[in-house]
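Report on the structure given below.
The values are calculated or read from the model by the stated rules, or taken from the named source; none is laboratory data. All of these numbers come straight from a predicted model, not from anything done at the bench. Methodologically, a virtual Cβ is constructed for each residue, glycine included, from the backbone with ideal geometry; neighbour enumeration extends over all protein chains shown. The accessibility values were calculated without ligands, DNA or RNA, using every heavy atom of the protein model including side chains. Shrake-Rupley method; radii C 1.70, N 1.55, O 1.52, S 1.80 Å.
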Amino acid sequence: MVRENHNILDCTIRDGGLVNNWDFSVEFVKDMYYGLSEAGVEYMEIGYKNSAKLLKGAEAGPWRFLNEDFLKEVIPQKTDTKLSALVDIGRVDEKDILPRENSLLDLIRVATYIKDVDKALDLVQKFHDYGYETTINIMALSHVMENDLNEAFEEIAKSPVDVVYIVDSYGSMDYRDVEYLVSKFQRLLPNKKLGLHMHNNMQLAFSNTIMGATKGVEFLDTSVYGMGRAAGNCPTELIVSHLKNPKYDVRPILGIIEKHMITMREKWEWGYIIPYMIAGVLNDHPRSAMAVRASDKKDNFVEFYDKMTSPEAMPAGE
């Protein structure tokens, strides 16, 4: 069955940058963009549009704080594949955002926790007025109370935001959660497109994304070879292959993996690993698992599990 109404948004550079502090070469990002273009992928998220001056002491590669002049050197010739950037509440200087006609970016996505939805929608309005496509990505949905979500929907429904994202920040959702949330979002936000951003802590990012797609979610977040923070994301190569749409071609993506990402995987760690699984099962932020993977106890799985499940270690909700 050919499914026509999906947009794949590859976020390898942005989310994968959380693995290596955005230490990607210009050659890799160019190859990624033109390879994804050849593969028929509709959007590539080329990084964050946050402000270095608002993140004091933040040392990172250029994809962490995108500069328009630099972008024009990296992507001298745009294709049909649109470019996206993500911003965080309190970390973006609006003066750094150019009107869309002066920018290489087409889409700006605003990531927010539920308590800051009002601030996120203020940014959405500004970016919309600049001419950009916009999304709001509500993080840590698995920790959000129903009444808080319902209140947020009332404001979101009145905003000009184009796409509202269901984000599985902790990699703790399964197909039933996705089915429930998609139905709820569709019912309460009937005039908005929906997006999905899944993490692979329990090896469910692909199946959860397929579930959303079959329910009518239009924007599907992926990353090449699954590269993303901690357990990573739904692999682009799997979704491109699965959607059975003749506009997609997996071959160029396999070329990116072969040329660049086999060696990256030897240098930087991401993907399904037991501490990330434990964090996902416990519906917990991956920071504890990331810390143990960076320690000399990285493979002490039982010790980590006992620590995470002891009453004094149970985290407060966020």
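Estimated from the Cβ-Cβ distance and a Förster radius of 41 angstrom, the FRET efficiency linking T214 and D118 is about 0.80.
By how many nm would the segment from E73 to F301 grow when fully extended, if each residue of separation counts as 0.36 nm and the alpha-carbon distance is taken off? List each step's numbers first, then the result.
Values: separation 228, 0.36 × 228 = 82.08 nm, distance 4.51 nm.
My answer for the length gained is 77.6 nm.
Under 16 Å from a label point set 7 Å out along the Cα-to-Cβ vector of H285, the amide N atoms of region 216-239 belong to 229-231. Rolling a 1.4 angstrom probe over the protein heavy atoms with all chains in place gives region 15-143 an accessible area of 41 Å² per residue.
Please label the shape of region 174-256 as rounded, prolate or oblate, based on the square roots a ≥ b ≥ c of the eigenvalues of the alpha-carbon gyration tensor (a/c under 1.5 means rounded; beyond that, a/b larger than b/c means prolate, else oblate).
oblate
For region 1-76, with all protein chains in place and a probe radius of 1.4 Å, 50% of the accessible heavy-atom surface sits on carbon or sulfur. Quick one: pull the percent of accessible area on region 85-239 belonging to carbon and sulfur, 1.4 Å probe, ligands and nucleic acids left out. Carbon and sulfur together cover 48 percent of it.
Sorting R14, R287 on solvent-accessible area from highest to lowest, probe radius 1.4 Å, gives R287, R14. Solvent-accessible surface of region 217-318, averaged per residue with a 1.4 angstrom probe and all protein chains in place: 50 square angstrom.
Only Cα pairs under 8 Å and 6+ residues apart enter the sum, and on that basis the relative contact order of the chain stands at 18 percent. When +1 charges are put on Lys and Arg Cβ atoms and -1 charges on Asp and Glu Cβ atoms, the dipole computed for the chain relative to its Cα centre reaches about 220 debye. Taking Lys and Arg as +1 and Asp and Glu as -1, the other residues whose beta-carbon sits under 10 Å from that of L196 total -2.
Just to be sure I understand: of the beta bridges DSSP finds with both ends in the chain, what percent are antiparallel, rounded to 5?
Values: 2 of 35 bridges.
Antiparallel: roughly 5 percent of the beta bridges in the chain.
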